[in-house]
Structure formats: structure tokens, C-alpha cells
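Here, each number is a calculation from the coordinates, and none is a lab measurement. Fair warning: this is a prediction, and the values are worked out from it, not measured in the lab. Counting neighbours? That spans all protein chains shown, and the Cβs are built from the backbone with ideal geometry, glycine included.
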Amino acid sequence: MEDLGSRADRDQAKRRLQAVTNRLAVEPARRTVEINVAKAGTRYARVPEPGACPFCLMLGSRGGVYSGETVFGELGRYHDSCRCLAIEVKTDADLPRINRDLAAMSDRLDREFGHPAKKEDWRQAVTAARQQAGGQTVWPRMQYCRIPRYRGDGTSKAFAGEKLPSLRKMPGHVLHGWRDPDPHKPEGEQKGWPHTEDLQQGHRWDSTSGKSVFPKDWTDQEIVDQIRDALESPDGYLAGPVRRTVWKRHRGVLIEVRYNALREGVVKFDTAYPVTKMGKGARRDV
């Protein structure tokens, strides 16, 4: 019987070889464009293929560039299996629609992340958008923020020894109102669905739900990070039989965070949003 491990290794080697071959096959055409652009003093643009990787999309967003150092540097790098095109650009009118759309996307990412978008930011946004569009991942990634991690051991300072809730679903729920699907309701009657960032039922500044919203100048990452900090190191807290409520102030805004401590150590995040004051009976001796 043929060794399946060996077959898998051979298949992987074939795929890698094909990827390298694809890149080398189009390399001469790309280099010709690069050399001609350098000689003519015109501009060089990278046109991403459909389904291109985040790195290629980021480079395509830069449009036409003049610098020979740029053309023969990062912009001129192509990974294995890459089928992106290289074109000469004399005016902005020569840029294909995909490059103009990517330039607009770059501006949006800079604004949403609060800094010039880096390669890892493009990877985050593109991967999240594709997951959300595909509909196969129940809780997909968020485009403009990453799930925060607790800085400590994941236990509460306010409620000694208690485990803090998982943060995995927190960003989608707080920012956009995502909820777990109800198995007893048809898709058209689900609340907090579909799980895309077009859903404006959370506490992000552009929510249409009428709920309390976070300031417009707070990035999504800042919001979720501050909720994490409120859970770990609150300014005030209040305990009920099941519900736990904590508060923390950041940049002049008081954030209320609620979660439930259930039986057998099960802890579930509930919600978080801006408030004007702490609840009655809140303690501050954290």
C-alpha cells in the first residue's frame, strides 16, 4: 500500500513547484515594464488579480509610483502563485478601477485603525471581509480590530478569584450588535444577524439602534481594549446574585460593562456601553 504521508508530501512539493513556475513565467513581462518605466520616467502600478492576497491589495492601493527605488523594491516583489499585473501609468486616468477602489479602501483603513494601515492591518481587514461575505464562519473576524487579550491571568480584581468572561464574541456584539443565532427562529427573524459590519445595532458611533454609542473619534480597537481594561481593572463594581457590573473611565467617558457569573464556573459576557454615572451601590475599593 502506498504511504499516504509520502503522497501528501509529493502533492505539497508539486504545488510549491507550480507556484514558483507561475511566478517565473510572468517575471520577464513584469521586469520589462519596470525597466521601461524607469527609462521613460513614467509611473508603475501593480494591478491585483481577483482574490489577491492582502499584501498585493495593499501595494495595488498605492496606484502609480515614480520612485525607481520603490518600483524595484517592495512594489516590485511578487510572491509565488502571484498573478498580479504590472502596468505603465502616465496619468491617473490610466489607473484601472480596482486601483482607485483600493486607494479609497486605504484611506478608510487609515481612518478606522487610527494610523497608516500596515500589512497586518490589511490582512486583518481583507480576511475579515471575506469571512463575513462567505457566511460560513458564525463569528467571523472584525475588519478594524482584533480580539483583545487579558493582560493578567484572566481573573477579576473586583470579585476575587472569579474568572473573567471570554472576549471572543465581545467585539462583534458591542460594536455591531451581533448575537448567537436562535435555533428556534427562521433566518429572517433573527436578531443580531447577519454577522457583517453592515449591521448597525451595537454601540459604535454609527449605530442606528438608538442605543448609547461610543465617541466617533474612538477606533474599534480602542473601544474593545478599554472594555477589556474595565473588566480587569475597574474603577467601580457592583455584584448581584448572577450579574457582575464594572465601570471604568477613559478619555472622559465612563464605560459600563456587564457579565454573568453562572453555575459551575461558567461566565458569559453580556454588554458594554457609555453611561453618565455608576449604578446605585457601586463600590470603588478595587
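Observations, loosely collected:
- Taking 7 Å steps out from each Cα toward its Cβ at residue 101 and residue 266 produces label points 4.4 nm apart.
- Estimated distance in nm for a label pair at residue 251 and residue 149, the labels positioned 7 Å out from Cα along Cα-to-Cβ: 2.4 nm
- For residue 118, a cut-off of 28 angstrom between C-alpha atoms picks up these lysines, skipping any fewer than 8 places away in its own chain: 90, 169, 216.
- Start at zero, step by 5 Å, and the Cα-Cα distances of segment 143-275 spread as 2, 10, 20, 23, 20, 14, 8, 3, 0 percent across the bins.
- Fully extended contour minus Cα-Cα distance, from residue 208 to residue 31, at 0.36 nm per residue: 58.7 nm
- Charge tally for residue 64 (other residues, Cβ to Cβ under 10 Å; Lys, Arg +1; Asp, Glu -1): +1.
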